[in-house]
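FYI, it's all coordinate maths here, none of it is from the lab. This is a predicted model, so every value here is computed, not measured.
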Ligand SMILES: [Fe+2]
């Protein structure tokens, strides 16, 4: 059996390595090409989708691996004039009317057939938790987090699955929070600045910077898209009290949906205007307390009552909206959902700001408590998680000894290996 040629192996519309997965057959069914593998897995590929994913002129640019063709320039009469499986198991298509002969990597096609191209495919499964499930946040030794990439990858994977994860014993460096965040991606700036302090202040701009209790909440629901993740690095804590509280919104929402369907309906549909009441700013957004997101996600909890300003609903709905709000707050503070723990200097606690309801007990002003924080958008954290999951998958594939796997990383900016 022939192995793939160099040009066959190099042909993918992205920069990942795919294990070679020989195709068994291809057939044309109207505008779809029906691809089958020996183990019965199949893929129906629309002809113009395959055409625009041919690497080369009129398709995917070999340098950037981005689709370089305007849909207006793909003829409606585009059709596969001839299809074949090569001796090595790749797909060959002769496209008309542009008279293009294209080769497709069967491992890349297989990853589509297996759904590995989907948004959540490379992310850890979310694990909903209650207080009984977690004695403390998932915790990782953070002493080498700035020098050992695997520590950061492990922490981010736990952030994605549990919505909360802690690094312990990190350096007591005021710059650490920013350094840590930028290793993952771009920091989400806000009116608090890119890196902000949480400590009692004489003229606080937020209740966070007082010694008062903070009920379970999520930050910045005044924004169209609130920050996805929040990191808090503890530099000093000699104050009595001030325990952090965390509740998993996935579990709280599930509880409300099962046990209080009327409140759940009100919480997911009736909108409130969130308004930050700043002296020099006026951020506002209108949304439900439980925003399920378009098309099933991601869910965003909008639950910071200091900035929940006005009902944005019909008058008749306002009483039941307040009843539902009470039920939500009672559930969020219920001990069955609440994880409680103290901050220790050197701790970095990260959490999903749109999923986890975070809060804090009040604390004694006689002690000192200083945290430094940063926000990141979900996109940054999830991109980091996908890249690290792909890297582990590629390493495992290599370790398994796939004899037909491309040796070495794809070379950016090199045009050899184009499908045309
Ligand atoms: Fe907060």
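Normalised by the number of residues in segment 6-117, the average gap of Cα pairs under 8 Å and 6 or more apart makes the relative contact order 28 percent. Taken over the alpha carbons of segment 139-384 as equal point scatterers, the Debye sum produces base-10 log I(q)/I(0) values at 0.10, 0.11, 0.13 Å⁻¹ of -0.47, -0.57, -0.80. The calculated pair-distance distribution of segment 6-117 uses every alpha carbon pair, bins of 10 angstrom beginning at 0, and gives 15, 50, 32, 3 percent.
Here the Gaussian network model covers the chain, with springs between Cα atoms less than 10 Å apart; of 40, 89, 346, 40 fluctuates the most. The angle between the Cα long axis of helix 249-259 and the main principal axis of the chain comes to about 80°, on a 0 to 90 degree scale.
For segment 54-121, the alpha carbon positions stretch 34, 30, 23 Å along the principal axes, listed from largest to smallest. Here the extension length gained between residue 320 and residue 305 equals 3.7 nm, from 0.36 nm per residue of separation less the Cα-Cα distance.
Could you tell me the center-to-center distance, by alpha carbons, between segment 1-78 and segment 208-259 in angstrom? Computed from Cα coordinates, the inter-centre distance equals 46 Å.
Rounded to the nearest 5, the antiparallel percentage of DSSP beta bridges internal to the chain is 95%. Shown for segment 75-154 is the translational diffusion coefficient from the Stokes-Einstein equation, using the Kirkwood radius over Cα pairs, a temperature of 20 °C and a viscosity of 1.002 mPa s: 120 µm²/s. Beta bridges assigned by DSSP with both partners in segment 6-117 are antiparallel in approximately 95 percent of cases.
Only helices enter this figure: runs of n ≥ 4 DSSP H residues, each worth -39500 (n - 2.57), summed and divided by the residues of the chain, yield -7000 deg cm²/dmol at 222 nm to the nearest 500. Structural descriptor for segment 139-384: relative contact order 38 percent, calculated from alpha carbon pairs under 8 angstrom and at least 6 residues apart.
Rg and Dmax, both from the Cα atoms of segment 119-166 and both in Å, are 11.8, 34. Scattering from the chain was approximated by placing one identical point on each alpha carbon and applying the Debye formula without solvent; log10 I(q)/I(0) at 0.09, 0.12 1/Å stands at -0.71, -1.00. Given the C-alpha atoms of segment 59-203, compute the convex hull and give its volume per residue in Å³. That works out to 245 Å³ per residue.
Report relative contact order for segment 116-194 in percent, whole number only (criteria: Cα-Cα under 8 Å, sequence separation at least 6). Over segment 116-194, the number comes to 29 percent.
Taken over segment 261-384, the convex hull of the Cα atoms encloses 174 Å³ per residue.
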